[in-house]
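First up is the structure itself, then whatever we jot down about it.
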Amino acid sequence: MTQQSYPRSPKALLGGIAHLGRLIDKIRLRHAGQIQDYNYITVGFDKYLVDFLGIDAQSFEQRVLVGGTDEELLAWVKVNGRMLSSQEVTQWSQGLLVSGPKDDAARRRFQGRLEDIATKRGVAVSSLPSVTTWADVIELDEGRL
């Protein structure tokens, strides 16, 4: 059995920005054929991040695929995205990391994710660590919780 490659945690900050390093990893892993079943660019945290930064998702994807360090990619985001204060970045990142399901449909999706994780682990949902945020569901799913 091969070791599953996971993108880094959405909690890992790059330039103070939550999820940016994860998005970079997702682009690289997807194009290397290592992940396919992830939400990707147009939905979820990816879309929320792209919209917040004010960058063109396809242009960013192409820039990541050219190569470069995290710092070089962060510099590209700063040049090609909208101007953001450090306070805006901090507030957005904190908000992303504490967000949980906000309505009944989202609560059902959240519970469904927990059920999928429990099934993968061969355990009851009740035996999983208690989580309330989407970021923690990702951590749980990828074995960091």
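Summary table below
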{"item": "Positions within segment 71-89 being open to solvent by less than 70 Å² (accessible area, probe 1.4 Å), in a helix (DSSP H, G or I) and within 14 Å of A18 (Cβ to Cβ), in sequence order", "result": "L74, V77, V89"}
{"item": "Single match in D46, D116, D25 (criterion: assigned to a helix (DSSP H, G or I), in contact with a helix residue (DSSP H, G or I) (Cβ under 7 Å, 6 or more places away or on another chain) and under 19 Å from R144 (Cβ atoms))", "result": "D46"}
{"item": "Members of segment 92-108 that are of a type outside the set (A, V, I, L, M), assigned to a helix (DSSP H, G or I) and surrounded by 12 or more Cβ atoms within 10 Å (Cβ to Cβ)", "result": "W92, S93, G95, R107"}
{"item": "Residues located in segment 34-70, provided they are of a type in the set (D, E) and either surrounded by fewer than 14 Cβ atoms within 10 Å (Cβ to Cβ) or in the same structural domain as D116 (by the TED database) (or both)", "result": "D37, D51, D56"}
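The values are calculated or read from the model by the stated rules, or taken from the named source; none is laboratory data. The shown structure was predicted, so the numbers you read here are calculated from the model rather than taken from an experiment. Using ideal geometry, Cβ is built from the backbone for each residue, glycine included, and neighbour counts are taken over all protein chains shown. SASA here: full protein model, heavy atoms, side chains in, ligands and nucleic acids out. Shrake-Rupley method; radii C 1.70, N 1.55, O 1.52, S 1.80 Å.
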